[in-house]
Amino acid sequence: MTDLLTVPAEPYGFAFDPARTALVIIDMQRDFLEPGGFGAMLGNDVGQLRRTIAPNRRLLAAWRQAGLLAIHTREGHRPDLADLPPAKRRRGGGGTTIGDSGPMGRILVRGEPGHDIIPELAPAPGEPVIDKPGKGAFFATDLHAILHNRGIDRLVVTGVTTEVCVNTTVREANDRGYDCLVLADCVGSYFPEFQAMGLAMIKAQGGIFGFVADSPALLASLAAAGLIQPALQGAA
Ligand code: TIU
């Protein structure tokens, strides 16, 4: 058993055993971060999310160097759209919707270019990729089984968007008994006010859903424990 590490966080320090902690990167897909995809179709400025790419790259590189478990998720639907709730398809208000053709292929459909994780954060061989039809990463997926089978009890959660898929996943994880640390610089929203409130709702009331910190604090704790080279704390 590895000694517990502690990351300075809000509302108080996040203690974790690295071997029992997974990094879960939520939906860093072209459909949300590049023009012409699902995020843009909903009327959003996708440029708002791109500041999350560099800190996620740095964190993922460090996490891999430490030999820890990284998991990637993707939101999307079957090509026949059989798993797409009609209500989800109807909403959005634009002329196009999920399943329609766009510049990156059919919007939010598995196997299409827009559904891919952005190249900067491409999964490495052996890293589980969870395809999810909903906002939460536990709904209609095998994520809980994968975590349980590996003895994971803590999650470091990053990705997009803060108030939608990140928050939904953290709430689902909370009810399943996981402690979650959300990294503010590694999660993004199309709306600055939702970024702030999405994080505030997690850490309020003594950490009602979990903990919030910035990735340099986590990297420093991994470096102090000798799990990563100190150089990786600042490498992009
Ligand atoms: N629209 C929005 O903010 N997010 C989503 O639809 N999905 C995720 O957050 N991944």
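The values are calculated or read from the model by the stated rules, or taken from the named source; none is laboratory data. None of the values given here were measured: they were computed from a predicted structure. FYI the Cβ positions are ideal-geometry reconstructions off the backbone, even for glycines, and counts take in every protein chain you see. Calculation scope for accessible area: heavy atoms of the full protein, side chains included, ligands and nucleic acids excluded. Shrake-Rupley method; radii C 1.70, N 1.55, O 1.52, S 1.80 Å.
Computed quantities for the displayed model
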read-out	value
Test set (1) away from the ligand (no atom under 14 Å from the Cβ); (2) under 15 Å from GLU10 (Cα atoms); (3) within 16 Å of the chain's Cα centre (by Cα) - ALA200 fails condition number	(3)
Selection within region 113-129 - surrounded by 17 or more Cβ atoms within 10 Å (Cβ to Cβ) and closer than 21 Å to PHE16 by Cβ	PRO128
From LEU232, LEU227, LEU155, residue being within 16 Å of the chain's Cα centre (by Cα) and crowded, with 19+ Cβ neighbours inside 10 Å	LEU155
Which numbered condition GLY39 misses (of (1) within 19 Å of the chain's Cα centre (by Cα); (2) away from the ligand (no atom under 16 Å from the Cβ); (3) small (Gly, Ala, Ser))	(2)
Test: PHE191 is among the aromatic types (Phe, Trp, Tyr) and either over 16 Å from LEU5 (Cα atoms) or within 16 Å of the ligand (Cβ to nearest atom) (or both)	yes
Any hit, region 51-67, residues being of a type outside the set (Asp, Glu), open to solvent by 10 Å² or more (accessible area, probe 1.4 Å) and in a loop (DSSP other than H, G, I, E, B)	yes
Condition met for THR162 (without any contact (Cβ under 8 Å) to a residue 60 or more places away in the chain, within 13 Å of the ligand (Cβ to nearest atom), open to solvent by 30 Å² or more (accessible area, probe 1.4 Å) and among the hydroxyl-bearing types (Ser, Thr, Tyr))	no
Counted residues, region 185-199 - those being part of a helix (DSSP H, G or I) and either in contact (Cβ under 8 Å) with a residue 60 or more places away in the chain or not acidic (Asp, Glu) (or both)	7
Per-region count, region 1-33, residues of a type in the set (D, E, K, R), open to solvent by 10 Å² or more (accessible area, probe 1.4 Å) and either within 23 Å of ALA200 (Cβ to Cβ) or in contact with a helix residue (DSSP H, G or I) (Cβ under 6 Å, 6 or more places away or on another chain) (or both)	2
Residues of region 192-217 satisfying the condition of being farther than 21 Å from ALA62 by Cα and in contact with a Gly (Cβ under 9 Å, 6 or more places away or on another chain)	GLN195, ILE202, LYS203
Filtered residue count, region 74-97, keeping only those that are within 14 Å of the ligand (Cβ to nearest atom), in a loop (DSSP other than H, G, I, E, B) and among the hydrophobic types (A, V, I, L, M, F, W, C)	1
